[in-house]
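Data first, discussion second: the structure below is written as structure tokens.
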Amino acid sequence: MNKKLFFIIPCMSVIISYAQDTTKYLSSEPPENKKMKHEETEYYSPVPPVVTPGDHFGNAPSDAIILFDGANLDQWRSVNDTTKPAGWTVADGIFTVNKKTGNIETKQRFTDYQLHIEWRIPENITGKDQARGNSGVFLASSGTGDAGYELQVLDCYNNQTYVDGQTGSIYKQSVPLANACKKPGEWQAYDIVWTAPRFNNDGTVKSPARVTAFHNGVLIQNNFKLKGQTLYIGHPYYKSHGASPIKLQAHGDPSEPISYRNIWIRPL
Ligand code: MG
């Protein structure tokens, strides 16, 4: 065989196998979901390694849209009643979840973007497992409640839960590559690159959503292809949608509410 072919053929096969995505992306709810329990999509191993992050935070670049600069929540609204303002509490340059008023979302809709968002678990946080500072960043909201794709926010500094639901997981789909949690009381950051899913005219998936995310500067999601929207019970599947708001979760757990600050976005 020609020497060049010895080189080219293996390279081509690597490229072809890399390009092939054999995952099935469902465009309707699988029938087994009706009989499933929430425990069936919760995994406890392998546990991501604990990594101590550096002191890294990002100030907004010149072309970013500022979603919260410390003054007000004018860029946000209530999810339960989109005609109403976001009912969370702004004070001292930060805002805090109000569990009674429910989730909030951006007034603007986005498709592909780079997002920076900072959050803080209260120093006096109580509770355990999923009931310890639970909130979440829905990278695209598709309706009320938890409809959308959730990047989990939770205190996992010293708190065990199912690994596909811990801090930095794509909830019940992708375990984070590391646990980069800071102590409760310290500010933390997510830096996220989101590529929205694309759909064919008949509602089937043309290309799945993809996410890359850093937690306090540590890579936790590396171009992960989502299997569908977040589900508490059952296997994820897609529902066709276009540009969407970004949503923050007012989780119903009884622990002390968490806070957010310094949120900016660069549409791509
Ligand atoms: Mg959550």
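The values are calculated or read from the model by the stated rules, or taken from the named source; none is laboratory data. Fair warning: this is a prediction, and the values are worked out from it, not measured in the lab. We place every Cβ from the backbone using ideal geometry, glycine too, and count neighbours over all the protein chains shown. Keep in mind that these areas ignore ligands, DNA and RNA; they rest on the heavy atoms of the full protein, side chains included. Shrake-Rupley method; radii C 1.70, N 1.55, O 1.52, S 1.80 Å.
At a glance:
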quantity	calculated
Shape of region 17-101, Cα gyration tensor, a/c cut at 1.5	prolate
Exposure of Tyr157 as accessible area (Å², to 10), given a probe of 1.4 Å and all protein chains	100
Solvent-accessible area, 1.4 Å probe, carbon plus sulfur percent, for region 63-267	46
Cα-based helix-to-principal-axis angle, 3-19 vs the chain, degrees rounded to 10	40
Qualifying trypsin sites (Lys or Arg not before Pro) for region 86-131 [loop in DSSP, other Cβ within 10 Å: at most 10]	Lys100
Heavy atoms of Glu39: accessible area, 1.4 Å probe, square angstrom to 10	100
In nm, spacing of pseudo-spin labels at Ala91 and Lys34 (7 Å Cα→C-beta vector)	4.9
Mean Cβ neighbour count within 10 Å, used as a protection proxy, ranking 229-240, 210-221 highest first	210-221, 229-240
Accessible area per residue, Å², region 22-81 with all protein chains present, probe 1.4 Å	71
Among 63-75, 133-145, the order from most to least packed when residues are scored by Cβ within 10 Å on average	133-145, 63-75
For peptides 45-52, 241-248, 148-155, sequence by mean Cβ density within 10 Å, most packed first	148-155, 241-248, 45-52
Euclidean distance of C-alpha centroids, region 151-193 and region 236-268, integer Å	14
Global geometry of region 53-202, whether rounded, prolate or oblate, following the gyration tensor of its Cα atoms and the 1.5 cut on a/c	rounded
Distance from region 30-83 to region 204-224 (C-alpha centre basis), Å	12
Check: region 136-268 dipole with +1 on Lys, Arg Cβ and -1 on Asp, Glu Cβ, in debye	480
Reachable lysines from Lys128, criterion Cα separation under 26 angstrom, eight or more residues apart if same chain	Lys37, Lys99, Lys100, Lys172, Lys182, Lys183, Lys247
Cα shape, region 191-255, gyration tensor, a/c 1.5 rule	oblate
Length-normalised contact order for the chain - Cα pairs under 8 Å, 6+ apart - percent	30
